[in-house]
Each structure stands twice: as structure tokens, then as C-alpha cells.
Amino acid sequence: MQKALTQMNLQLHHVVTDITGTTGMAIIRAIVAGERDPAVLAAHRDRRCHASTETIRQALVGNDREEHIFALTQALDLYDVYQAKVALCDVRIEAVLKRLRKASSSPAGKPPPVRTPKKQSNAMAFDVRAALHGLLGCDVTQIHGLGPYLALKLVGECGTNLSAWPNAKHFTSWLCLSPSNKISGGKVLSSRTRRSGSPSVPRMMRHCPRGGLALRVLKDDLAHAHDTDPDRCRGGRCHNRRPTVAAPASASPELAARPHRRVFTAQDKLRILADTGRAADTGGVAAILRREGLYSSALTDWRRQRDAGALGALTPAKRSPKIAEPNPLTAEVALLQKENARLTLRLKRAEAVMEVQKN
């Protein structure tokens, strides 16, 4: 429909946020019905539209060629057909959720208040939040970043039982959201993520704000959703357990401080060299390297440094202060000062000669 409007030079998409909204569809249906006056078309503006009536009228000044009107009519008919098919899908999904709810043993209770009352543009024709609460026993839409539509897609892809993943890290690895860690010789060769067998779920979590936090809280909520102890669960949500609220930035796993590179002192290097020397006969060098997080090449460098200068050679060298680069204008300033002094002396001599001649 937008393509047909653009060919008619009707810039409706520049003055309304969505041409399939209340104002846009009213104007399009009026055009298809035969209305051509821009002022009359602009009168279909909804009171919630940000653009004024005059702005909409100016955007609706164009041409009404017959072939463009026909294309717009066909597009509108297809849009109505698709909307009818989507409505049938919503009815089918609601029926399936009701059937699953009857077969579920999750405790039914009153769902908590809605976290975000704003209606989504792709919202379904029924209350998805209430249906999921009855099926899961908890309201996963309370998690920041998860709305009813996204929660329904996650449950449809992963199911209601997440016991196959011990924790959120396993779940994230299965989704192929965590980067790989191919390291050789201390150098990262590749950190690309793997391809997932279920690409729709990783795509949803990438588009979801705070996806990592949502994964951890979703796993925790569904793991306790079937707890029927009345002292622990009230209203379908478990209270006598670790809270699902995000921890402060300093304690959150997602916001953990980046580790710094370890610095070995001369005493540490000598100690590790002595340990590896004693463990060489028993084959325990590999265990020491794993314990200290080192590679065998580091031991080779340390032995060479020890043989060259003992303890002093193993001490990390301190960086000397950076020497400032010479300013190219300094030499020019010195020359100018010297020339100035010479000219001043000549001027004094000339003034003295002139004074003698006057006398």
C-alpha cells in the first residue's frame, strides 16, 4: 500500500507513524472508496495523531491515476485477507493454550499486576499474559525485556520444562549466543558464535533488550513454577527462594568487572621455576601450568632470564618517562632573538654617532 501511495505522490508515511494505524487506514479506505479531496481525506485524522490536519492535507496532494488506484485497491484487499487469516491463527492459538492449561498441573492463581500496560503493535486478539500464567504457574512477562508475544514464542520453541539445561549458562550455550574461545599460544584465533539448530530463538534473544538477564530469570522462574508448597508460593510465584531481581552492577554476572592480566613478580617466577623443577621427574609440570594459568613458553623465557641475570633479570622492567619531542619552533625563536639583539646594538651605535654629529 505504501508503494502505491508513493507512486501517487501521497506522502502519508511521512506524517503518520504507521499507515496501518487508525488514521492511515481511514484515509486509505476513503481513497479506495473514491474520495480525492485532500481536505476531506485529512478530516479522517484521529485525535491521537501528532500531525495536524493541515500537515496531513499538504501530504495528500498528488495524482489519482487509474492504475495506481487499482494497485492500492488490490493491496488493501490483500491486507484485509491477511488480517483475517491472522485472526484465525489467534483463535487457534488461544484454543491450544486452553487445552494445554487443562492438562497442566501448575498451580492456578491470580496473576500479578501488568508491568507495562502499553499495548504492543503485534499483540494478539486474546490475553496472552493470562493464558501463559495459567499454563506456567508464573508470569514471565514480569521479566524486563519479555513481552507477552515474545514470551509465547519462547514457550512455543523451548516448552515449559527447562530441566534439560542445569543453569542459564547451559541454556545460553545451547542457543549459541555465547562466543567461542579458540585460543592457541595466548592468542584468540576466533570468537565467532556457533550456528544454532533453532535459529529463531537466538534471533529473538538478540532483539530482546537485556537478553542475558531475561534468560537467567526465565530459567529460574520456570524451574520453580511447579513448586506447590503454600508457604513458598503465593499467587503463582515463588517467594522463598533467590530473588529474580537483577543484582547491583558490581555483583551481577553480566556486569562483572573485566579481569586484569596477572603480573608475576621476580619471587613468583623463581618459585614457579623451582616447583616445575621438582615436578619434572613426576610429570606434574602440566598441573602447575594449569594452576598458574601459564604456557610452557613462559617457563622457557623465565629460565633464560634467570640464567642471564638471576633475580634482577626477572624483575619487570619499568617504563621510562616518555621524552618529549623537540619543538621545531624552538630553534627559529633562538635565531630571531639573536638577530633582534644584533639589530638593537646597531641601533644604539647609530644613535650615538648622530648625537656626536649634532654637537
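A compact table of results
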| item | result |
| --- | --- |
| Selected residue [part of a helix (DSSP H, G or I) and more than 25 Å from D127 (Cα to Cα)] from Q83, Q58 | Q58 |
| Where V86 falls short, out of the listed (1) at pLDDT below 80; (2) β-branched (V, I, T); (3) closer than 30 Å to I31 by Cα | (1) |
| Failed item in (1) without any contact (Cβ under 8 Å) to a residue 24 or more places away in the chain; (2) over 34 Å from the mean Cα position of the chain (by Cα), with R92 passing the rest | (2) |
| Close pairs (7 angstrom Cβ cut-off, 6 or more residues apart or separate chains): under 28 Å from L294 (Cβ atoms) and outside any strand (DSSP E or B) in segment 181-197, among the hydroxyl-bearing types (S, T, Y) and open to solvent by less than 80 Å² (accessible area, probe 1.4 Å) anywhere | N181/S191; S191/S180; R192/S180 |
| So P179, is it open to solvent by 50 Å² or more (accessible area, probe 1.4 Å) and modelled with pLDDT under 80 | yes |
| Test for S121: is it in a loop (DSSP other than H, G, I, E, B), hydroxyl-bearing (S, T, Y), within 17 Å of N161 (Cα to Cα) and open to solvent by 50 Å² or more (accessible area, probe 1.4 Å) | no |
| Evaluation of T141 against (1) hydroxyl-bearing (S, T, Y); (2) surrounded by 13 or more Cβ atoms within 10 Å (Cβ to Cβ); (3) part of a loop (DSSP other than H, G, I, E, B) (one fails), failing number | (3) |
| Subset of segment 277-302 [of a type in the set (K, R) and loosely packed, with under 11 Cβ neighbours inside 10 Å] | R290 |
| Filtered residue count, segment 150-172, keeping only those that are under 15 Å from M205 (Cα atoms) and open to solvent by less than 80 Å² (accessible area, probe 1.4 Å) | 10 |
| Subset of segment 100-115 (residues that are open to solvent by less than 50 Å² (accessible area, probe 1.4 Å) and polar (S, T, N, Q)) | S104, S106 |
| Counted residues, segment 81-99 - those being surrounded by 14 or more Cβ atoms within 10 Å (Cβ to Cβ) and aliphatic (A, V, I, L, M) | 2 |
| Unique match (being more than 33 Å from the chain's Cα centre (by Cα) and among the hydroxyl-bearing types (S, T, Y)) among T6, T17, T22 | T6 |
| Residue match in segment 40-52 (condition: assigned to a helix (DSSP H, G or I) and of a type outside the set (A, V, I, L, M, F, W, C)) | no |
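The values are calculated or read from the model by the stated rules, or taken from the named source; none is laboratory data. The structure displayed is predicted, hence computed values, not measured ones. Neighbour counts are summed over all protein chains in view; Cβ atoms, including those assigned to glycine, are modelled from backbone coordinates with ideal geometry. Accessible surface areas use protein heavy atoms only, side chains included; no ligands, DNA or RNA. Shrake-Rupley method; radii C 1.70, N 1.55, O 1.52, S 1.80 Å.
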